[in-house]
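Visitor: Shown below is the structure under consideration.
Please treat every number below as a calculation from the coordinates, not as lab data. Note that the structure is a prediction, hence the values are computed from the model and not measured. Methodologically, a virtual Cβ is constructed for each residue, glycine included, from the backbone with ideal geometry; neighbour enumeration extends over all protein chains shown.
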Amino acid sequence: MTAVPLGLPRRLVEFTLDGETVRAPEGSTILDACRAEGKDVPTLCQGDTLTPKNACRVCVVEVEGARTLAPACSRRAEPGMSVRTDSERTRHSRKVVLELLASSVDMSTTPGVAGWIEEYGAEPGRFGPDAARVEEDPKVDNELYVRDYGKCILCYKCVDACGEQWQNTFAIAVAGRGFDARISTEHAAPLTDSACVYCGNCIEVCPTGALSFKSEFDMRAAGTWDESAQTETTTVCAYCGVGCNVTLHVQDNDIVKVTSPHDNPVTHGNLCIKGRFGFAHVQNRD
Amino acid sequence: MDLHFGDSRPTDEERAAVDTLLGPPVSAWDAGPGSDGSGRSEKDLRWARGGHAARERRDLLLPGLHAVNDRVGWISEGALAYLCRRLMVPPAEAYGVATFYSMFSLRPRPTTVVHACTDLACAARGADRVCAGLEAAGVSFERSPCLGLCERAPAALVVRAGESPVTAVVAPAAAGAVAEAARAPADAGPEPVAADAVPQAGQDGLVLLRRVGAVDPYSLDDYRAHGGYTALRRAFALGPAAVIREVTESGLVGRGGAAFPTGRKWQATASQPDGPHYLVCNADESEPGTFKDRVVMEGDPYAVVEAMTVAGYAVGAHRGYLYLRGEYPRALGLLENALTQARARGLLGDDVLGQGYAFDIEIRRGAGAYICGEETALFNSIEGYRGEPRSKPPFPVEKGLFGKPTAANNVETLVNVLPVLTRGAEAFAAAETKLFCVSGSVSRPGVYELPFGATLGDLLELAGKPERMRAVLLGGAAGGFVRPDEMDIPLTFEGTRAAGTTLGSGVVLVLDDRVELPRILLRIAEFFRDESCGQCVPCRVGTVRQEEALRRIADRTGAAAVDDIALLREVGRAMRDASICGLGQTAWNAVESAIDRLGAYA
Ligand code: SF4
Ligand code: SF4
Ligand code: SF4
Ligand code: FES
């Protein structure tokens, strides 16, 4: 018989969400409570396997009595607090944040963002044609994955996944300051000269497509990338005995990228180089 | 953690700079004997400093970067790799930290660096001419945000790297004198004494500034002869709880801008069960137009040391950190001297004044980042991380420096504690004063001390206001403008708030009608764009969009500016509402007040 971990029953916190009384387990964020209630709050820097940096600010909500808006992804629900997720103030900030982002980086591969831009009436073009953008050429410096920081929103997820939250490799960090801040290796060295072990856990969490498999990058460049023609098969990685789950994305009989289910209690979406990139050998038909 | 340090090697000089700070390496693992490829010894194989022991030294990263930059003038790949090896810090992270600070360079540059201030007060007093003169003379220089020398604007700071680095302050600066100082910084004349920045020096009725000019700032005996260390004695007589009660009853609130009750902050820190507790003195005075803390530290440095000791005793801390902005070389020298003297005389150390209380103070230098004045960014900076603000809650009193309960106060707040104790809470409250930094178009710029309740007009009367005043910027770049007809605003936290403006950190920058307001606003916007840490979107991109809009309308008014002003309002509102910290939240304040109160671009 396997033991089912129950954990301590958590107390419930009662608070007001858009005028309705709701209860959420103690320690929940406002976002957790919103999702439990079926409310849609946009998020970019929040991810299901990481502690969010609350840097993007697209999830802001209005907490009654607070001077500023609060990030739903990080602020914990407190008893008696009154939260509005859809007030004019929150809609305004979300709209402007989306405009600021979409006017400064390429969000064409960020899932969900086009819908929010429409929903909030954001007009990224209104800062004019001379609005400063993050101009970066894609960094293609290894065979496995590409870093295209012209698409990066600086959500910090890759840094956290590479560093103390998962991989403990610390190959990348944020360098520079303000608008010039970039995700970087030391001295912006090529990945091949860095500490990177090609686990690809940064790609797994990147919300914008700034980090992508070289296979995906090349196919997009060639115009052959077609998600609708892809199938996903989740299986167990065959390389070692840990038993990580891998999801193979297949297009035209070729594995085009590998992800890992985030809800796996052992790996939480993390893999190593073999599980992530070892598919080449499966495809080696010679 | 499996660190990868690359192949770059330090020069002998870089290695010496780091080893002077950290001591020689002890094992092949941290770049000691054998690490050059000659092989690890028996001893190395049993040597381990990973995990906790390694992380304990992470806070030496910023001092290490300073050590190299001070010695060589810039930080090479080899130097950074060596420092990382010594401290077991991942190089990518160290690179991220080093590139955060504007005083460091990761590229080769000359050993002598000239920082020419082009910020508000200096711009109002001819910084442009200085820069043009330097360019004409072929002197390379960096345009710098406020150097905190506004009373002597325009100002320049010359830093020459070397085994004993040399600095020279030239203020008021003419291009010729700056060029001369850049050539031979050691020969630049001495700076005027701190009291020269205090037009009221020597007058009766001063509380916080009474010793500035009256004591020899190097002499502990002189400090004691002028009432020094009576507050600490009283504190020991009262005990920590009663000290906090006294400070609470005095009604003292923080002078950094947020005006939080100091007694409550101390109580909240003291009562935390987690330990150790830390005391932090925030001397990262970087708000453009602010220089009062510098004058206090230069004119009465022992007062800062004594006040920190009192505060440390009250909150149950045994270690205090004084975070000093990197642009204050003279204050650094005076404070270092004060600490040495105080230690030698048993006023710091294992047994302060023979009372069985252990307390010592460490100075940490900033390296050119306004945001490090935000207390949680300051903690990150001390800990060896990028100076990015943390989200609150948790608040510092609960999880501050090194994640421990921390009381953080700025210099002015702390030195107020001395009269609270020597005079008693009631007498203190009856005559509470505030320091103001007056600069710009006045005949007697400097630090002024006035009782709470004096009006802006009273202050400008003392400082000698210009005949044709256009506006006054209250509270610095994060503050707001007021009009010449608003001179009866009382200079209190409540009074300024009621008038729809802010006292902020006490900046009073006076502009006469020759000033081009759009240029001042553009300079403010550039400042925020430069100083944004980059963490959150509203501030990182919003400050850029704000600057772009102000640049577009620099020469426009009326209908031609309307669209951009609407855009500014929208971006400004999102920055204020959705930014993580005070920098982004206030980045639009001054521009908004110029539009609404002064009718800029109308
Ligand atoms: S692939 Fe792995 S090791 Fe390399 S940068 Fe990404 S998370 Fe770090
Ligand atoms: S590369 Fe991706 S994960 Fe990393 S900060 Fe940029 S957007 Fe986020
Ligand atoms: S508001 Fe600006 S300075 Fe503050 S955390 Fe955000 S980006 Fe950094
Ligand atoms: S999702 Fe909450 S701040 Fe980014």
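Visitor: In sequence order, what are the phi-derived ³J(HN,Hα) couplings for the range B:207-223 according to the Karplus relation 6.51 cos²θ - 1.76 cosθ + 1.60 with θ = phi - 60°, rounded to whole Hz, with x for glycine and proline?
Guide: 10, 7, 9, 5, 8, 5, x, 8, 10, 7, x, 8, 9, 5, 4, 5, 4
Visitor: Over the range A:1-151, how many percent of alpha carbon pairs lie in each 5 Å bin up to the one with the longest distance?
Guide: Taking all Cα pairs of the range A:1-151, the binned fractions are 2, 9, 15, 17, 17, 13, 9, 8, 6, 4, 1, 0, 0, 0 percent.
Visitor: Given the alpha-carbon gyration tensor of the range A:138-231, what are the semi-axes of its equivalent ellipsoid in whole angstrom, ordered largest first, with each equal to the square root of 5 times an eigenvalue?
Guide: 23, 14, 13
Visitor: While we're on this one: Which semi-axis lengths, in whole Å and largest first, follow from the square roots of five times the eigenvalues of the Cα gyration tensor of the range B:53-174? Display every interim value, and only then the final one.
Guide: Values: eigenvalues 209, 41, 28 Å².
In descending order, the three semi-axes are 32, 14, 12 Å.
Visitor: I've got another one for you. Give me the net charge of residue B:538's neighbourhood, meaning all other residues with Cβ under 9 Å from the Cβ of residue B:538; Lys, Arg count +1, Asp, Glu -1.
Guide: After counting each charged neighbour, the total is +2.
Visitor: Dividing the alpha-carbon Rg of the range B:490-591 by 2.2 N^0.38 Å yields what? Walk me through the numbers on the way to the answer.
Guide: Values: Rg = 14.3 Å, N = 102, 2.2 N^0.38 = 12.8 Å.
Taking the Cα Rg and dividing by 2.2 N^0.38 Å, one obtains 1.12.
Visitor: Moving on to the next point. Per residue of chain B, what 222 nm ellipticity follows from adding -39500 (n - 2.57) for every DSSP H run with n ≥ 4, rounded to the nearest 500?
Guide: Result for chain B, helices only: -12500 deg cm²/dmol.
Visitor: Hey, another quick one. Mind checking which aspartates and glutamates have their Cα closer than 16 Å to the Cα of residue A:95? Skip sequence neighbours fewer than 8 apart in that chain.
Guide: Candidates past the 8-residue exclusion: A:40, A:62, A:86, A:118, A:119, A:123, B:570, B:577.
Visitor: Calculate one ³J(HN,Hα) per residue across the range A:94-109 by plugging θ = phi - 60° into the Karplus curve 6.51 cos²θ - 1.76 cosθ + 1.60, and present them in order as whole Hz with x for glycine and proline.
Guide: The phi angles translate into 4, 4, 5, 4, 5, 5, 5, 5, 5, 7, 10, 9, 7, 9, 5, 10 Hz.
Visitor: Note down the net charge around residue A:226, summing +1 for each Lys or Arg and -1 for each Asp or Glu among other residues with Cβ under 15 Å from its Cβ. Intermediate results must be reported in sequence, preceding the final value.
Guide: Details: positive: A:220, A:257; negative: A:216, A:218, A:227, A:232, A:252, A:254.
After counting each charged neighbour, the total is -4.
Visitor: Compute and list, largest first, the equivalent-ellipsoid semi-axes of the range A:117-187 from the alpha carbon gyration tensor, each √(5λ) rounded to a whole angstrom.
Guide: Equivalent ellipsoid semi-axes, largest first: 27, 15, 13 Å.
Visitor: Express the relative contact order of the range B:408-469 as a whole percentage, based on alpha carbon pairs under 8 Å and six or more residues apart in sequence.
Guide: Normalised by residue count, the contact order of the range B:408-469 is 25 percent.
Visitor: Report the Cα centroid-to-centroid distance between the range B:121-149 and the range B:235-287 in angstrom, as an integer.
Guide: The two parts, judged by their Cα centres, are 39 Å apart.
Visitor: Say the cut-off is 29 Å between C-alpha atoms; which of A:39/B:404; A:214/B:392; A:53/B:399; B:404/B:434; A:157/B:399; A:53/A:214 go over it?
Guide: A:39/B:404; A:214/B:392; B:404/B:434
Visitor: In chain B, what percentage of the DSSP-assigned beta bridges are antiparallel, given to the nearest 5?
Guide: Details: 27 of 52 bridges.
Of the beta bridges lying entirely in chain B, close to 50 percent run antiparallel.
Visitor: Figure the gain on full extension for residue B:193 and residue B:429 (residue separation times 0.36 nm, minus the Cα-Cα span) and round it to one decimal in nm.
Guide: Residue separation times 0.36 nm, minus the Cα-Cα distance, leaves 81.9 nm.
Visitor: A follow-up question, please. At q = 0.14, 0.28 Å⁻¹, what log₁₀ I(q)/I(0) does a Debye calculation on the Cα points of the range B:269-333 give, no solvent, two decimals?
Guide: -0.46, -1.18
Visitor: Another question, then. Taking only the C-alpha atoms, wrap a convex hull around the protein assembly as shown and report its volume per residue in Å³ as a whole number.
Guide: 202
Visitor: Then there is this: Find out how many positive minus negative residues lie around residue B:16, taking Lys and Arg as positive, Asp and Glu as negative, among other residues whose Cβ is under 11 Å from that of residue B:16.
Guide: With Lys, Arg at +1 and Asp, Glu at -1, the net is -3.
Visitor: Where in chain B lies the longest segment free of GluC sites (Glu not before Pro) that are both loop residues by DSSP (not H, G, I, E, B) and have at most 15 other Cβ atoms within 10 Å?
Guide: Answer - B:164-466.
Visitor: I need B:255, B:264 ordered by Cβ neighbour count within 10 Å, fewest first.
Guide: Placing the least packed residue first, the sequence is B:264, B:255.
Visitor: Pick out which of A:270, A:54, A:142 has the largest mean-square fluctuation in a Gaussian network model of chain A, springs linking Cα atoms closer than 10 Å.
Guide: For chain A, modelled as a Gaussian network with Cα springs under 10 Å, the answer is A:142.
Visitor: Continuing with this model, one more query. If the viscosity is 0.890 mPa s and the temperature 25 °C, what translational diffusion coefficient in µm²/s does Stokes-Einstein give for chain A when Rh comes from Kirkwood over Cα pairs?
Guide: Here the translational diffusion coefficient equals 118 µm²/s.
Visitor: Based only on other Cβ atoms within 10 Å, what is the fewest-to-most ordering of B:111, B:496, A:231? Write out the running numbers ahead of the final one.
Guide: Values: B:111 14, B:496 21, A:231 9.
Fewest to most other Cβ atoms nearby, the residues stand as A:231, B:111, B:496.
Visitor: Between the range B:533-566 and the range A:205-267, what is the separation of their alpha carbon centroids in Å?
Guide: Each part reduced to its Cα centre gives a spacing of 42 Å.
Visitor: Over the alpha-carbon set of the range B:349-448, divide Rg by the Kirkwood Rh and report the Rg/Rh ratio to two decimals.
Guide: Ratio value, two decimals: 1.05.
Visitor: To continue, here is another question. Per the Kirkwood definition applied to all pairs of different Cα atoms, how many angstroms is the hydrodynamic radius of chain B?
Guide: 25.0
Visitor: Something else: Counting other beta carbons within 10 Å of each Cβ, put B:527, A:279 in order, fewest first.
Guide: Arranged by neighbour count, lowest to highest, B:527, A:279 become A:279, B:527.
Visitor: What shape does the range B:240-361 have by the C-alpha gyration tensor, where a ≥ b ≥ c are the square roots of the eigenvalues, rounded means a/c under 1.5, and otherwise prolate means a/b greater than b/c and oblate the rest?
Guide: On the way: a/c = 1.94, a/b = 1.13, b/c = 1.71.
Because a/c hits 1.5 or more and a/b fails to exceed b/c, the range B:240-361 counts as oblate.
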